[in-house]
Every structure is written in structure tokens, then in C-alpha cells.
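Single-structure report; data block below.
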Amino acid sequence: AATISTESFDRRAPGSTRPSPPPSAAIRPGFRGRVIDAVSRQPIKEFEVQLIRIRHEAATEDQPITRSFKSATGHFIWNDVAAGAWRAAVSAPGYQMFNVDEWQISEGSTAREMVMPLLHGLAVRGRVFELGTGTGIGGAYISFEQLDASQSFRKSKPHARSKEDGSFTLDGIPAGQIVLSVHARNHEPRELVIVVDEKTPPQEIGLGTGATIAGIVTSTAG
């Protein structure tokens, strides 16, 4: 994902006001927001925005598109977003992912600014390896579910991929009990229930190699 600098927001003399955008920019559809710490209300200066287009006519969602931003004030503008229904997710190192519920972008409308307060999150680190050989498994997909939260299938959540040596860091997890899920090609999936806090130790997650079942399905006549 490209990194977009929004430092133009921040080069104003103290007490000055932000200049009005030109008329052409005011009617460009897009997504505009400000990312802040939920407790201190201070701006978060580096973050990633994920947009997911919703296509109601086909009851599907497009693959997410992402951009990284740097801004001393936490402000960002993502122009050139097509008209339609969208949802979004914002993430930053050390913070939980913030989800923006579905909203509509209309052609020719002005992008309204949304304030996105992010809560601090924790990280789970560890290593995924193959049982029997101890070899690290690269490319394993690591995700989680909260045990004390209701399921929401329209929310984005942090995930991670293990490195070539099997090591991984899953950032942005809330404190408490979670189910950690690990999937890797040609290996059995595994789930672990762990308690996440500042003292959570690194997780050593062994996966067995998956077996194959083959056969033939026939009718009663053979």
C-alpha cells in the first residue's frame, strides 16, 4: 500500500485557519477523517485505512483496498473513491482496529469528516512450526476471535502471516481471553484459547501435516 503524506494540514502558522479547498476539490467524492487516541484525544500520526466496497445488488463485498497515511494532526483525505456503499477499517501500531459501519458516497457530494478514536491494543508474538521436524512454517495465517464478544461478520479484524522462520506478531488485540486460530497450507489447522495481557508469553504453535482422504461417490445403481 502506498504511503500518503498529509503534512499540508500541518504547515500552518499558530492561530491561522485552514484555507478553503478549491471548488473542484469540494465536490470530489472520497473518504475523509481524523484518527485520534481514544483516551488522550491526541492525533495518531501513522495509520492504515482499509476500504471495502459493498455491492448490495450481488450481496457481495469487494476485496479490501488499503492506503497508509502519515499526518501530524491525524487528518487524512482519500479522494477518488467511487460512488456507492462502503465500509472501512483503520489500524495503527499498538492500537485496536477501528471499524466504520456502512456509509454511502454519492457522486458530486462533499466528503464529510469522520472522527475515529482508536483504543490501545496488545500484541501476541510467537512461532508456528511443524510437529515432528520443528521446522518453522512460513505463510501461516494467524487470526483471533474474542470469547466475550458477540460474532460480527461485517467487521474487519487484525491478522498476521508468519515469516519464513515461522515467527509472527499479531498486533491490535484487546485484553482478555481470545481464541487464536492458525491455518497453514498442507497442515492441520489449530485453535488455542489464551489470555492476552502485557505478560502474555510468546506462543509456540505446532501444526501436524494434513492427511488426504480420497474415494469415489456412486449412486445406488453403482
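General remarks:
- Ser156 accessible area, assembled protein chains, probe 1.4 Å, Å²: 20 Å²
- FRET efficiency for Lys157 and Val217, using Cβ-Cβ distance with R0 set to 25 Å, rounded to 0.05: 0.10
- Among the GluC sites (Glu not before Pro) within the range 161-205, those in coil by DSSP and having at most 16 neighbouring Cβ atoms inside 10 Å are Glu164, Glu198.
- Assigned charges on the beta-carbon of Lys, Arg, Asp, Glu; the range 24-166 dipole about Cα centre (debye): 360 debye
- Lysines with Cα under 25 Å of Lys70, excluding same-chain neighbours fewer than 8 positions away: Lys45, Lys155, Lys157
- For the set Lys155, Lys199, Lys45, solvent exposure ranked by accessible area (probe 1.4 Å, protein chains only) runs largest to smallest as Lys199, Lys45, Lys155.
- When the charge dipole of the range 111-208 is built from unit charges on Cβ atoms (+1 for Lys and Arg, -1 for Asp and Glu) and taken about the Cα centre, the candidate among Leu118, Pro189, Gly176 whose Cα reaches farthest toward its positive end is Leu118.
- Put simply, the Cα atoms of the range 111-188 extend 53, 28, 21 Å along their principal axes, the longest span coming first.
- Euclidean distance between Cα centres, the range 76-113 to the range 186-200, Å: 31 Å
- Among His187, His159, the order of accessible area from largest down is His159, His187, computed with a 1.4 Å probe on protein heavy atoms.
- Relative contact order, percent, the range 73-222 [alpha-carbon distance under 8 Å, six or more residues apart]: 23 percent
- Distance between modelled label sites at Thr60 and Gln42, nm, 7 Å Cα→Cβ extension: 4.5 nm
- Accessible surface, per residue, of the range 88-175 when the full set of protein chains is kept, probe 1.4 Å, Å²: 55 Å²
- Distant-in-sequence amide contacts of Lys70, defined by a placed amide H-H separation under 5 Å and a gap of 5 or more residues or a different chain, comprise Ile4, Ser5, Thr6.
The values are calculated or read from the model by the stated rules, or taken from the named source; none is laboratory data. Because the structure is predicted, anything quoted here is derived from the model rather than measured. So basically every Cβ, Gly included, is an ideal-geometry build from the backbone, and we count neighbours across all protein chains shown. Areas reflect the complete protein model, heavy atoms only, side chains present, ligands, DNA and RNA absent. Shrake-Rupley method; radii C 1.70, N 1.55, O 1.52, S 1.80 Å.
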